[in-house]
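The values are calculated or read from the model by the stated rules, or taken from the named source; none is laboratory data. No experiment lies behind these values; they were computed from the predicted model shown. When we count neighbours, we look across all protein chains shown, and the Cβ atoms used for this are built from the backbone with ideal geometry, even at glycine. We work out accessible area using only protein heavy atoms, side chains counted, and drop any ligands, DNA or RNA first. Shrake-Rupley method; radii C 1.70, N 1.55, O 1.52, S 1.80 Å.
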Amino acid sequence: PPLVGLWYAATLLPLLAYRVVTYRKQGWGYFCLDFCYFLNFACVALVLLEAARVPVAPVYFETAFALCNGPLLAAVLAWRNSFVFHSLDHATSTALHCLPPLWTFATRWADGGAAFDRRPALGAWYCSPILAYCVWQLLYVVKTEVLDAEYLEKTPDEQTALRWLTRDERNGMHRICKFVCVRTGAMARGEAFDPETAKTKATFWVGQLAYTVATLVGTPLLWRHRELHAACLALTYTSAVYNGASYYVEVFSKRYNNKFE
């Protein structure tokens with residue numbers, strides 16, 4: 001397990017460095033403040049502390065386990081991550097969501113799980129991850145709505161997660177938030193999201209919190225049952241492989257057909 005953690009850190013850090021540099025050039029730098037990056041840096045910190053033999057309270061790994069196998073792992077399906085090996089962009093996005101759950105599996109079930117044989121109370125199990133998510137959300141709001149508010153107002157082309165989600169009508173989060181807002185009367189049927197209004201911001205902040213809470217529900221079962229955890233990872237990674245295979249078929253078939261046009 002320590003080697004899996006070090007492999008994870010050694011693989012991810014160069015990819016993240018590349019992602020930060022390329023995204024900043026494209027005006028997408030604020031994507032690198034999203035929760036998945038925050039969680040990956042926290043996991044890498046735990047890996048390095050473990051490698052340095054620094055004692056860490058079990059609650060930190062339990063919190064990481066819940067978040068990695070809840071909202072992060074579910075994001076592979078939600079965002080249709082693809083194992084496209086020749087594309088650093090696809091590879092980085094997939095690694096961000098797939099590697100931390102793999103590290104938690106190797107660590108949790110090392111030596112048959114003897115190192116983590118206690119069963120945390122359900123209340124504590126859910127409170128710590130939700131608190132960690134809320135801390136990140138608060139810091140993100142302060143960054144985008146206070147510290148960088150003037151800059152973002154002057155640069156409407158600078159992409160943020162909120163701006164992208166509100167404009168991408170095919171995205172699942174967009175559709176769910178729109179459906180709920182229309183059904184509750186918060187929006188008219190033909191009304192579009194405006195990423196600059198308080199109503200839209202509050203809608204997506206609440207929507208993302210609801211997604212996080214919903215995906216955390218099953219994580220205690222993964223903590224307690226090794227076979228279920230392994231099956232969940234296998235099915236999710238198979239989905240990413242299938243998406244990657246579909247990408248190759250679609251792209252290369254188009255290139256082949258273009259030769260005859």
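For the structure I just gave you, tell me whether Leu209 is modelled with pLDDT of 95 or more, within 22 Å of Tyr30 (Cα to Cα), aliphatic (A, V, I, L, M) and surrounded by 12 or more Cβ atoms within 10 Å (Cβ to Cβ).
yes
Can you tell me which residue is surrounded by the fewest Cβ atoms within 10 Å (Cβ to Cβ) among those in the stretch 123-179 that are of a type in the set (Gly, Ala, Ser) and closer than 18 Å to Ala198 by Cβ?
Here the residue is Ala149.
Taking only pairs six or more apart or across chains, which ones have beta-carbon atoms under 6 Å, a first residue in the stretch 112-125 that is within 13 Å of Val59 (Cα to Cα), and a second residue that is open to solvent by less than 80 Å² (accessible area, probe 1.4 Å) and not acidic (Asp, Glu)?
Qualifying pairs under 6 Å: Phe116/Arg108; Trp125/Pro220.
Does the stretch 79-92 contain at least one residue that is open to solvent by 20 Å² or more (accessible area, probe 1.4 Å) and of a type in the set (A, V, I, L, M)?
yes
Which residue out of Ala9, Ala57 is over 13 Å from the mean Cα position of the chain (by Cα), small (Gly, Ala, Ser), open to solvent by less than 30 Å² (accessible area, probe 1.4 Å) and closer than 27 Å to Leu228 by Cβ?
Ala9
Residue under question is Trp109, and the condition is that it be within 21 Å of Trp79 (Cα to Cα) and open to solvent by less than 70 Å² (accessible area, probe 1.4 Å); does it hold?
So Trp109 fails the test.
Cβ-Cβ below 8 Å, separation at least six or inter-chain, first residue in the stretch 165-183 and free of Cβ contacts under 8 Å to residues at least 60 places away in the same chain and more than 13 Å from Ala202 (Cα to Cα), second open to solvent by 100 Å² or more (accessible area, probe 1.4 Å) and part of a helix (DSSP H, G or I): which pairs?
Glu169/Arg175
Would you check which residues across the stretch 27-54 are part of a loop (DSSP other than H, G, I, E, B) and more than 21 Å from the chain's Cα centre (by Cα) and list them?
Within the stretch 27-54, Ala52, Arg53, Val54 qualify.
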